[in-house]
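Asks: The following block contains the structure, expressed as structure tokens.
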């Protein structure tokens, strides 16, 4: 545990910097990563510039030990949405400490380059809190260009966009031209490698979305009183019970256009998608402010209306009348404050089920409107088919990452059938007598049945393997594979058919269920 | 009468004009030369056209700005040209980093005007370095680059500058009235300061100006509370005319429609529309007219 308690401002910035340095020196990457949580006490009661300096310094410290999968999401988040030059430059530098370049990094770097155009600033990474005045110093654009060169040919997907920036006024100073040309040459380089990993989505990016199973909508959250854009006062159950709701957080004074302003605009687009599928009455939307003391109903109405948010009884902008504490706990928000004003927050969107429980969340990176709607539709379908939901039932929502449990079990049926096919004269005799009674002997004798069942088993194993790759959890796939081997082995006389059956069933079930079922809490980046 | 030129001559003349722009850059060395008079150097600075300023012209202007040996009027002229080029020159954006660095170099300059203007530009950029220096100066007057009221005003450009704690201290122990006024203006965006503004609005010992700031802040932070206090102040015969007028205006402009049904208040407004100072009478009549009694 870090020696930072109470309000962050009680610990000076210099002390925090010293702590970060000592953690980096002793290789405590996990503790460093913990310091990037927005709700960490070190950010409490700090100004925005101090928070940026501190986060930049932590990213630089992480870089020294190498960027892990868990740290990657924080790095890419800063590149995608950061507008403060210091942490953006630190993130660009830190990315180079990741194990290997990936094509997936290129769009983030291009986005960062676009964000920093016209906002480039000379920076010093020599000591904490230093501001550069020397034109030989580095800058966010320089760091981004160096990192693009490091990504090299894997960044070819952004080459055309990058070259278009060459002659665009206001992007590159004369000083940065050599760095730019080096980046372009590195991307154009033919390295002859056909790296299978180049297009693989890094593991860290998969933590953007997570399911939750431990959310509880009873207790203090049920008593929370909200005021909507009309000034009407409603409780949490008034708003969130009875239908699934897509919830985002924002505040009107956010000066990062890529965060709150964009979030509410995107929620307006989500509403349009819902209307297009005639789901406006079935799935609600809500935008809740982080800054309830300032964001009056008039401000909410004006802010939302100008960004295409359409209001009605299912679609509201809200402020919590009694402050943010209960909401912070319920949603596990990634936000911190100085006084009542936000000093840092992440991008976050949630889907609540019809009981107001948080079912899943998108964090840090920009969420896709269509994907968010699909998740909410899955939750809505489940609500309609099985109300009330058990805490774990939503985990079987039939989404690409979250296949239906019964479907998974169906996939294991071929294995069962093959295991039960007769393998020896005694089996044949027993089966034929049993089938004879039922008139099914012809089925067991069909010449094509065995290859078909073997094919189906292989499909089941392949499906479990693909899903395992998608979630990063391969245990189910291994069990299904072992089960298949045992069942096929039993065809050659090994007495392992029952074991094969058990392994196949276990593998299928394990593949279908999300990690939440096996762990007490979901792994939510930056929260655990 | 202008001579008609053939196409070849026209093209030669155009080429020669371009060459003048490229090679005839004497004004760049004049503006930087310590041997030239301040007037000559200032004239050279103004020879840079903001709309067409290129990288080397911008670099020269920055060099003049940061040259502490140059006469102050030349440096101020360079700062002004850079400010104009910032809006007009397409080449400026790619020099933004150098510009910010140049400004940071001169925040400590002995010349007060230059310091104040540079800090003003940086504060509008929400520059962390400038914010740090300004906050430092508010906490320790030996390190102050500007008077506290100016520093508070500049910090007010960024709500995230974390100036609220120091502004609250200044309200409690103001070095002067202007500083207190600016601190209150800054806190008008701080939701946690609403109770303090309620107290200020009710405090008859405060000056009218400070109480008016309190009313404006409450309107931004807690409009319902302002309406309740405004009504109480209008009803109170011992209140000053200035604050009564402010409250009448608040009720007229932002009050709920049902004000007209508040008989006690409207009777009082009737009274005020015929008695008291002219400004109070005018405001009372406006309120009455709006709510159509």
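Asks: Pick from segment A:312-341 the residues that are away from chain B (no Cβ under 12 Å) and assigned to a strand (DSSP E or B): which of them is farthest from residue A:283 (Cα to Cα)?
Replies: The qualifying residue farthest from residue A:283 (Cα to Cα) is A:335.
Asks: Evaluate the following for residue A:315: is it at pLDDT 95 or above and over 19 Å from residue B:223 (Cβ atoms)?
Replies: Against the criterion (at pLDDT 95 or above and over 19 Å from residue B:223 (Cβ atoms)), residue A:315 qualifies.
Asks: Hey, another quick one. Could we say that residue A:52 is within 14 Å of chain B (Cβ to nearest Cβ) and without any contact (Cβ under 8 Å) to a residue 12 or more places away in the chain here?
Replies: No, not satisfied.
Asks: Out of all the residues in segment A:368-396, which are modelled with pLDDT of 90 or more and not in a helix (DSSP H, G or I)?
Replies: A:368, the sole residue that qualifies.
Asks: Further question on the same structure: Determine which member of the set B:253, B:258, B:281 is modelled with pLDDT under 95 and closer than 28 Å to residue B:171 by Cβ.
Replies: The unique qualifying residue is B:253.
Asks: Another question about this same structure. Only one of A:263, A:289 is touching a residue at least 24 places away in the same chain (Cβ under 8 Å), within 22 Å of the chain's Cα centre (by Cα) and within 14 Å of chain B (Cβ to nearest Cβ). Can you tell me which?
Replies: Unique residue meeting the criteria: A:289.
Asks: Suppose the filter is in contact (Cβ under 8 Å) with a residue 40 or more places away in the chain and either under 26 Å from residue B:93 (Cα atoms) or under 20 Å from the mean Cα position of the chain (by Cα) (or both); does residue A:103 pass it?
Replies: In short, yes.
Asks: Let me ask something else. Looking at residue A:180 and the list (1) farther than 28 Å from residue B:129 by Cβ; (2) under 33 Å from the mean Cα position of the chain (by Cα); (3) without any contact (Cβ under 8 Å) to a residue 40 or more places away in the chain, which single condition is not satisfied?
Replies: Condition not satisfied by residue A:180: (1).
Asks: Of everything in segment B:95-114, what is assigned to a helix (DSSP H, G or I) and more than 10 Å from chain A (Cβ to nearest Cβ)? Give them in sequence order.
Replies: B:112, B:113, B:114
Asks: Let me ask something additional. I'm told residue B:193 meets every condition in (1) more than 14 Å from every other protein chain (Cβ to nearest Cβ); (2) at pLDDT below 95 except one. Can you identify the failing condition by its number?
Replies: With (1) more than 14 Å from every other protein chain (Cβ to nearest Cβ); (2) at pLDDT below 95 applied to residue B:193, the lone miss is (1).
Asks: Moving on to the next point. Identify, please: which residue in segment B:128-147 is in a helix (DSSP H, G or I) and more than 14 Å from chain A (Cβ to nearest Cβ) and is, among those, farthest from the chain's Cα centre (by Cα)?
Replies: Here the residue is B:142.
Asks: Let me ask another. Do we have any residue at all in segment A:159-170 that's facing chain B (nearest Cβ under 9 Å) and either touching a helix residue (DSSP H, G or I) at 6+ places or on another chain (Cβ under 6 Å) or assigned to a loop (DSSP other than H, G, I, E, B) (or both)?
Replies: yes
Asks: Of everything in segment B:196-215, what is within 14 Å of chain A (Cβ to nearest Cβ) and either crowded, with 22+ Cβ neighbours inside 10 Å or touching a strand residue (DSSP E or B) at 6+ places or on another chain (Cβ under 9 Å) (or both)? Give them in sequence order.
Replies: Passing the criteria: only B:197.
Asks: Just to confirm my filter: which strands (runs of 3 or more DSSP E) fall fully inside segment A:217-287 and include at least 1 residues that are surrounded by 22 or more Cβ atoms within 10 Å (Cβ to Cβ) and modelled with pLDDT of 95 or more?
Replies: A:225-228, A:245-250
Asks: In the list A:344, A:364, A:357, A:411, which residue meets the criterion of being modelled with pLDDT of 50 or more, in the same structural domain as residue A:496 (by TED's automatic domain parsing) and in contact with a helix residue (DSSP H, G or I) (Cβ under 9 Å, 6 or more places away or on another chain)?
Replies: A:411
Asks: Same structure again: So in segment A:127-141, with the set limited to residues that are in contact with a strand residue (DSSP E or B) (Cβ under 9 Å, 6 or more places away or on another chain) and within 8 Å of chain B (Cβ to nearest Cβ), which one is surrounded by the most Cβ atoms within 10 Å (Cβ to Cβ)?
Replies: Result: A:139.
Asks: Could you please let me know if residue B:11 is touching a helix residue (DSSP H, G or I) at 6+ places or on another chain (Cβ under 8 Å) and either assigned to a helix (DSSP H, G or I) or at pLDDT 95 or above (or both)?
Replies: No.
Asks: Would you point out the residue of segment B:64-90, among those that are assigned to a loop (DSSP other than H, G, I, E, B) and buried (at least 19 other Cβ atoms within 10 Å of the Cβ), that is nearest to the other protein chains (Cβ to nearest Cβ)?
Replies: Once the filter is applied, the top-ranked residue is B:89.
Asks: Of B:251, B:272, B:226, which residue is touching a helix residue (DSSP H, G or I) at 6+ places or on another chain (Cβ under 7 Å) and within 14 Å of chain A (Cβ to nearest Cβ)?
Replies: B:226
The values are calculated or read from the model by the stated rules, or taken from the named source; none is laboratory data. Here the structure is a predicted model, which means the values were calculated and not measured. Please note: Cβ atoms are built from the backbone with ideal geometry, for glycine as well, and neighbour counts cover all protein chains shown.
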